[in-house]
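Below you'll find the structure, written out as structure tokens, and then a few comments.
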Amino acid sequence: MILVTGGLGFIGSHTVQALLDTGEECVLLQRRKAEAPAYLAGAKVAMEQADITDLPALLDVGERHKVTGIVHLAGSMPWPPDADRPVEAARRAIGGLLNVVQAAQEWEVKRVGVASTIGVYSGLTGALREDMPLPMASFHLIPTFKKIGELLNEHLAGATGVEVVNYRISATWGPRDPHGALFFAAPELVHAAARGTEPDLSTLAAPPYAEDSIDLCYVKDTARAIALLQLADRLSHRTYNVASGRATSNAEVIAAIRKVVPDARIDLPTGGTDGQTHLDITRLRQDTGYAPAYDPERAAADYLTWLRAGNEL
């Protein structure tokens, strides 16, 4: 039985489905009390309420379930920031990660997968490989704490004997995305096309252009990659890029959306940089057999179908 922290979140909910598709049973751990959603009706899923920063409550989950693996997708970072108690917020964030690894050790779990981010590569360009030296500086607290987490995970894996695996997850889009245009434009472009409105991209750090590109991975591919990493008999590394393995531009996303919604009002100006930075997924392919199933056209069509069915417009 696989414990998934943040199991009802954006990536977490899809990862649970990917694990269930393989025949695994899952325990969904949520900080707030929640009922199993309709899409999990009849599934081999147990719901548990516990805060990972509360070690006794977390360990108690293992008294009720035989946990054989952990996928840690709940945020081990002080997000959103607590301006009034920044030190306490940082202590809780790091403590939550430590508690998850301690629980794994006490439950004799073989493997713990921990969500990291493409943001750890900020400042680097080209094909980004897991063995590249990372810049010490970070543009945002999320990659800052993910870098800290990766260093801690390396130490804890060696000290505890638990296999701790980092997932450097690329820009992910798709159904149940709560963020919108937080770091990249694609989710809001799709939502605007489904609404029949112009996109609101004011939340981005800088105005987007048609040529701007990023390694954009559809959430169902992201989830399947995480499930494959969790269930693989043997992994050769402790860090894996979870991504599409290619750079996708805003222009490609717009063209894909217009295959479904020809009159979508989602034009972006030209004038950006046509960079081809992406995450190299050689490790992921070799150790799990993963290959992305969703190109931009298939992803946009699937996302729009989901939105047009009345979901979260």
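For the subset of the stretch 62-84 comprising residues that are assigned to a loop (DSSP other than H, G, I, E, B) and among the β-branched types (Val, Ile, Thr), which member is surrounded by the fewest Cβ atoms within 10 Å (Cβ to Cβ)?
Residues of the stretch 62-84 that are assigned to a loop (DSSP other than H, G, I, E, B), as a first pass: 65-68, 73-84.
Right, trim to among the β-branched types (Val, Ile, Thr) and you get 67-68.
Working: VAL67: 18, THR68: 16.
Only one residue fits best here, namely THR68.
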Q. Of all residues in the stretch 256-287, which are crowded, with 20+ Cβ neighbours inside 10 Å and within 22 Å of THR117 (Cα to Cα)?
A. HIS278, LEU279, ILE281, LEU284
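Among ALA232, ALA193, which is the only one that is surrounded by 14 or more Cβ atoms within 10 Å (Cβ to Cβ) and under 20 Å from ASP177 (Cα atoms)? Walk me through how you get there before you give the answer.
Values: ALA232 fails: under 20 Å from ASP177 (Cα atoms).
Result: ALA193 is the single residue among ALA232, ALA193 that is surrounded by 14 or more Cβ atoms within 10 Å (Cβ to Cβ) and under 20 Å from ASP177 (Cα atoms).
Pick from the stretch 201-220 the residues that are of a type in the set (Ser, Thr, Tyr) and in contact (Cβ under 8 Å) with a residue 60 or more places away in the chain: which of them is surrounded by the fewest Cβ atoms within 10 Å (Cβ to Cβ)?
Looking only at the stretch 201-220, we keep the residues that are of a type in the set (Ser, Thr, Tyr), and these are 202-203, 209, 213, 218.
Still in the running and in contact (Cβ under 8 Å) with a residue 60 or more places away in the chain: 209, 213, 218.
Details: TYR209: 18, SER213: 23, TYR218: 25.
Within the stretch 201-220, the match that is surrounded by the fewest Cβ atoms within 10 Å (Cβ to Cβ) is TYR209.
Since every read-out is calculated from the coordinates, none of them should be taken as a lab result. Being a predicted model, the structure only gives us computed values, none of them experimental. In this analysis, Cβ positions are derived from the backbone assuming ideal geometry, glycine residues included, and neighbour counts consider all displayed protein chains.
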